[in-house]
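Below is one structure, written out as structure tokens; the observations come after it.
The values are calculated or read from the model by the stated rules, or taken from the named source; none is laboratory data. Predicted, not measured: the structure shown is a model, and the values here were computed from it. A quick note on method: Cβ atoms are made from the backbone with ideal geometry, for glycine too, and the neighbour counts reach across all protein chains shown. Accessible surface is based on the protein model in full, side chains and every heavy atom, while ligands, DNA and RNA are left aside. Shrake-Rupley method; radii C 1.70, N 1.55, O 1.52, S 1.80 Å.
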Amino acid sequence: MTTVGIDDTDSRTRGMCTTYVAHRIATSLEVRGHDVARVLLVRLNPAVEHKTRGNAALALHTDAPVDDAFAVARDAIADAAEVGDDRTNPGLVVAPGDPAAVPDAVTDFARNAVRAHHAIDDALARCEEAGYRSEGWKNGRGRIGALAAVGAWRAFDGWTYERIAYREPSRWGRERDVEHDSVFAAADAAYPTVWDTVDRAAGETVCVPHTPGPILYGIRGDDPAACRDVAARIEGESIAAARTFVTNQGTDAHLRDADALDALRDGRAYRVDGTVTRAPETERGGHVFFAVEDETGRARCAAFEPTKRFRDRVRDLRVGDEVTLCGEVSDGTLKLEKFALRERVTTARTTPTCPDCGRTMESAGATQGYRCRDCGTSAPGKVAVPIERDLDPGWYEVPPRARRHIARPLVRGSWDAPTRPER
């Protein structure tokens, strides 16, 4: 078995897609009589500065000899990669042997590529140690993702699937023709096995990209046959080709558990507990900010405007609520992807009322409690009163339109508290 890893062939402005380059490599190998057991779509750390768009690396598992696989992949990258973009720096790594038996150093490299950061020298050193062939275009940064894709099959489990349909090349760059109602009907028929196809509340077809490039739509789910079935139900422009990818999308593979708030670092994503100590406030631009603390420190948290209705759930948090937060840390701010309300505040401290006349008492002075000036009644301090809460304990998430590729939707199950999935 041979593993071909590629990365960084696309462009934010010029189009192209690394999945399409991988599809072309797989097709070329198949035409030459080689078997391609699977094609992996591996989402790497979404907080990496140098990513092009979705930070996806690809790996093909094939029976082709290393030299043949390397030659085919190199030609496909040289022909299709958008190297005219300053940010696009393709990389290729080809590894012999069982992809489930790569060296420990390559497995660790793959995990860290999803949860941390690497330098190009790290990738080159590990390729040399393992005896892998590699090539880079321009500064060759894509060899980081390419090596991570090589190690991913051993590094991760719990894989999901995406069925990607590709447009006729003559239509690239033009508005996509996808029949809106057919997408919603197909999504309804397969939910929850197939997820994040649409955003029902917003009326958006999430599976249809808006960027230039070859993809018409991508259908994600837990079962490859169900993904293919949904794709087959969608009506629209003609399809040039389609392929099913095995992927870490929808798995939360990017999240690391943090024992305390003082462990949070920029450029990484975490799952961490805390207590709300500053009430949510909506600031300019519609972004919602609040703060949490634990015994080690404090963290600023945000639900940004693109998360839309999720911000209403965040606004319902109160000082004293105990929460679990999931998201990426950037510039010292934890950008929420989902949260769990663990223990909620059910009472509030308020100025007492006079038991005789029902009026609100006034302060009697520092440390002297409260007094009703009309009736003469007094109270030693503020009193606890029950409050109504719209937010129940459990997990809440951003809507599909705002979800990261790698973030696990609540509908996929196996959570430690009740969930309220967004559809």
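General remarks:
- Odd one out for V276, checked against (1) under 28 Å from R315 (Cα atoms); (2) open to solvent by less than 20 Å² (accessible area, probe 1.4 Å); (3) under 22 Å from the mean Cα position of the chain (by Cα): (3)
- Yes/no for S134 being out of contact with any Ser or Thr (no Cβ under 9 Å at 6 or more places or on another chain) and assigned to a strand (DSSP E or B): yes
- In segment 202-216, the residues that are touching a residue at least 40 places away in the same chain (Cβ under 8 Å) and out of contact with any Gly (no Cβ under 8 Å at 6 or more places or on another chain): A202, E204, V206, I215
- Members of segment 374-398 that are among the aliphatic types (A, V, I, L, M) and either open to solvent by 70 Å² or more (accessible area, probe 1.4 Å) or within 30 Å of C326 (Cβ to Cβ) (or both): I387, L391, V398
- Looking only at segment 347-364, and only at residues there that are more than 27 Å from G320 (Cα to Cα) and small (G, A, S), the one that is modelled with the highest pLDDT: G358
- The single condition among (1) of a type outside the set (F, W, Y); (2) assigned to a strand (DSSP E or B); (3) touching a Gly at 6+ places or on another chain (Cβ under 6 Å) that T107 does not meet is (2).
- Residues that are charged (D, E, K, R) and in a loop (DSSP other than H, G, I, E, B) were ranked within segment 337-358; the one that is least open to solvent (accessible area, probe 1.4 Å) is R344.
- Test for R126: is it in a helix (DSSP H, G or I), more than 19 Å from V36 (Cβ to Cβ), open to solvent by 40 Å² or more (accessible area, probe 1.4 Å) and free of Cβ contacts under 8 Å to residues at least 24 places away in the same chain: yes
- Residues that are over 22 Å from the mean Cα position of the chain (by Cα), at pLDDT below 95 and open to solvent by 30 Å² or more (accessible area, probe 1.4 Å) do occur in segment 174-190.
Per-residue answers, yes or no, for (1) under 20 Å from T244 (Cβ atoms); (2) in contact (Cβ under 8 Å) with a residue 40 or more places away in the chain:
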{"site": "I25", "(1), (2)": "yes, yes"}
{"site": "E30", "(1), (2)": "yes, no"}
{"site": "R38", "(1), (2)": "yes, yes"}
{"site": "D86", "(1), (2)": "no, no"}
{"site": "V94", "(1), (2)": "no, yes"}
{"site": "G97", "(1), (2)": "no, yes"}
{"site": "A105", "(1), (2)": "no, no"}
{"site": "I120", "(1), (2)": "no, no"}
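- Scanning segment 306-332 for residues that are polar (S, T, N, Q) and open to solvent by 10 Å² or more (accessible area, probe 1.4 Å) gives T307, S330.
- On inspection, E328 does not qualify as in a strand (DSSP E or B), of a type in the set (D, E) and in contact with a helix residue (DSSP H, G or I) (Cβ under 8 Å, 6 or more places away or on another chain).
- Scanning segment 137-157 for residues that are within 16 Å of D104 (Cα to Cα) and part of a loop (DSSP other than H, G, I, E, B) gives F156, D157.
- Residue match in segment 359-373 (condition: open to solvent by less than 50 Å² (accessible area, probe 1.4 Å) and assigned to a strand (DSSP E or B)): yes
- Within segment 15-46, restricting attention to residues that are assigned to a loop (DSSP other than H, G, I, E, B) and surrounded by fewer than 17 Cβ atoms within 10 Å (Cβ to Cβ), the residue that is nearest to the chain's Cα centre (by Cα) is D35.
- Residue check, T377 touching a Cys at 6+ places or on another chain (Cβ under 8 Å), more than 23 Å from V276 (Cα to Cα), polar (S, T, N, Q) and without any contact (Cβ under 8 Å) to a residue 24 or more places away in the chain: yes
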